[in-house]
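Heads up: the structure comes next, in structure tokens.
None of the figures in this text is laboratory data; all of them are computed from the coordinates on show. What you see is a predicted model; the values in this text were computed from it and never measured. Cβ sites come from the backbone with ideal geometry, for glycine too, and all protein chains shown count toward neighbours.
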Amino acid sequence: MTWSEKLETILSSLPDSPGCYLMKDENGRIIYVGKAINLKNRVKSYFQKSSDHTYKTRRMVSNIRDIEWIVVASELEALILEMNLIKEHRPFYNVRLKDDKRYPYIKIHWQDDFPKVSVTRNMVQDGSRYYGPYTSVWAVHQTLDILRKIFPYLTCAREITGKDPRPCLYYDIHLCSGPCIGAISKADYRQMIEDLAKFLEGKTDPVLKRLQVEMGRASEQLNYEKAAVVRDQIQAVERVVERQKIISNERKDSDVIAMARNNGEACVQIFFIRSGKLIGREYFILEGTEEEDNKSILEEFIKQFYSQAAYIPNKVMLPQEVEEALIINEWLNTKRGGEKVQITVPKRGQSKQLVKMAAENAAETLRALEIRWKADKDRQRDALGEIQAALGMSEPPNRIECYDISNTQGTASVGSMVVFEQGIPNKKLYRRFNIRTVTGPDDFASMREVLSRRFSNYFSENEAKDAPGYKPDLAFSLLPDLLIVDGGKGQLRQAIDVLEEAGLTGKFTIVGLAKQEEELFLPNFSDPVRLDDHSQGFYLIQRIRDEAHRFAITAHRNRRGKIGLTSRLDALPGIGPARRKELIARFGSIEGILEADPEEIAKIKGISLEKANAIKSELE
């Protein structure tokens, strides 16, 4: 059956039901996710000749080789499923938030007796409170640096009993309130964290009022030292509040959203207004916006942003109407716990000015980013051009792979493979290789093993590409334009031998990189090539080498730690391979086992409470 016949069969079997559809290409990759009230009508519309189809849609349709669908009970369920599928698969032809998996949040561990404050990139239902997402982890840490001076929260992992003989350094420099030594009670500490939470929510007035009452009470009790501490806290809060512009007399919570577009890029700016004050703003870049209209881009942004936002306000102000406003509104109401969310397009007055201001900020942000992107692209183009000229390549190297070996006296040897595309690291394609065939500290033999396995995988990928449902591993299915082995002439010789054995000699450029002088050795040349010390090409080679080295060391440390853990568990009497595996999987480390209660260890099948106590005793 040809692919066109297969598609005809699929189209004829589509149901008249609401749901989501997933378009796939010849490699089985999901290239588009959509939703529909009627799956049959919506999906068939893509394959009907129409002048309404954009070039982007026609291009997408030409790449469709398979279609899957998921039937749901309602349009709202379809909306939620579509958002989850886009977030999971990030299809090429969908409008999507750039780097949305990496956005950081501020996390307050509210479920703990003495809650800590941390930065995380994952929201989980564990009783914690989350604030975000933010686009810059640097800005998050800057915010926390300010807050910690006002609300000196706990950061260490020690168990809080209030009876420790001495506090840590942070207490001495007034960046921790000292619950470990009983310098603050549990109730007072939690009140401080509650104030911090209100501060993040923009509710500073209740915090100031409470602190002023507390300062007055301390003065009346002649506790002037505490009164002075609270006074300093009030002044610090007021200094931050002064920078929060009051822009609404309504004292309500709202988000103001606007967008700017240029040269195929879209930038959305959000102003966060809490209790009538502008407490912050964030910008987000969207991908896949070519040929999409503004309404569609705004719709996708609203769905994707609020699907991961820690807080949804009473009101969302937009620059224009969106087609799916009703169903999005219904979804936001459910996310807000049934409380009504108003989506509005201001027509006049202060609200309209706010949307205009957000749009101007979005345009300015996009201009600044484009200048930076252009500078980065120019540097990368110059760097690749310099490497091309230095190595005598016919074209600039689009894909560069670099390999390094890391071990400690021959133990836990690991090889790393890092991939740079157009001068930018593609971490999804990084791979690590645990050395299997080499004993002792033999980096040359280890490099031979790593490269042999890498190109063995290349041939396996090519043999499998015609198989039904084949999904390529892009780390191995493509050859590099430039391959770098860290280690100079000796490692270069190993790489040349591997390529000769694999029949890949001459397929791409290969060099050995000397560790000390950043010299590049080419096959059949005795003298090395050295790029100018201050050239972009030199800096790029350094970055690639350092990244390969970092990745190898990280992998080696992880492997060495696991070997150490396993060897200690091997010494436990009466614990076989299956139980050792369970202990490692559940507790992760010796420390994790030691911290666990015997009852928790005894939950593992085959370990009695008596044996659990014996395990802890042996490890201690």
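Length, then width, then depth: along the principal axes, the Cα atoms of the stretch 105-246 run 46, 44, 25 Å. Using every Cα-Cα pair within the stretch 399-559, state what percent have a distance larger than 20 Å. Counting every Cα pair in the stretch 399-559, those more than 20 Å apart make up 49 percent. One Cα centroid belongs to the stretch 157-195, the other to the stretch 118-152; the line between them spans 19 Å.
Size descriptor for the chain, Kirkwood hydrodynamic radius: 29.4 Å (Cα pairs only, one decimal).
Label positions at residue 84 and residue 120, each projected 7 Å from the Cα along the C-beta direction, are separated by 2.0 nm. Counted by Cβ distance under 14 Å from residue 29, the other residues give a net charge of 0, where Lys and Arg count +1 and Asp and Glu count -1. Sum up the charges of everything whose Cβ sits under 14 Å from the Cβ of residue 355, counting Lys and Arg as +1 and Asp and Glu as -1, but leave residue 355 out. Once positives and negatives cancel, what remains is +3.
For the stretch 339-412, the equivalent ellipsoid derived from the Cα gyration tensor has semi-axes of 50, 24, 10 Å, listed largest first. Pairwise inverse Cα distances across the stretch 208-324, averaged and inverted, put the Kirkwood hydrodynamic radius at 17.2 Å. Subtracting the Cα-Cα distance of residue 394 and residue 347 from 0.36 nm times their residue separation leaves 11.1 nm of extension gain. The stretch 379-394 and the stretch 196-212 have their alpha-carbon centroids 56 Å apart. With the convex hull of the Cα atoms taken as the outline of the stretch 155-235, the averaged projected area works out to 6.0 nm². What residues from the stretch 421-438 fall in the zone where the backbone N is under 14 Å from a label point 7 Å along the Cα-to-C-beta line of residue 501? Within reach of a label on residue 501, which here means backbone N under 14 Å from a point 7 Å along Cα→Cβ, the stretch 421-438 contributes 436-438.
Phi angles across the stretch 141-155 convert, under the Karplus curve 6.51 cos²θ - 1.76 cosθ + 1.60 with θ = phi - 60°, into 3J(HN,Hα) values of 5, 5, 4, 5, 4, 5, 5, 5, 6, 8, 10, x, 7, 6, 10 Hz, Gly and Pro given as x.
The protection proxy used here, the mean number of other Cβ atoms lying within 10 Å of each residue, ranks peptides 4-11, 21-28 as follows, highest first: 21-28, 4-11. Take the Cβ atoms of residue 232 and residue 52, set R0 to 51 Å, and the FRET efficiency comes out at 0.20. Among beta bridges identified by DSSP and lying wholly in the chain, the antiparallel ones come to about 80 percent. A simple spin-label model places the labels of residue 444 and residue 617 5.3 nm from each other, with each point 7 Å out along Cα-to-Cβ. Projecting the Cα atoms of 275, 155, 373 onto the charge dipole of the chain, computed from C-beta unit charges around the Cα centre, puts 275 farthest toward the positive end. How big is the stretch 3-94 by the Kirkwood estimate over distinct Cα pairs, in Å? After inverting the mean inverse Cα-Cα distance, the result is 13.3 Å. Separation of the alpha carbons by more than 29 angstrom is noted, of 107/616; 87/377; 203/374; 377/427; 163/605; 98/209, for 107/616; 203/374; 163/605; 98/209.
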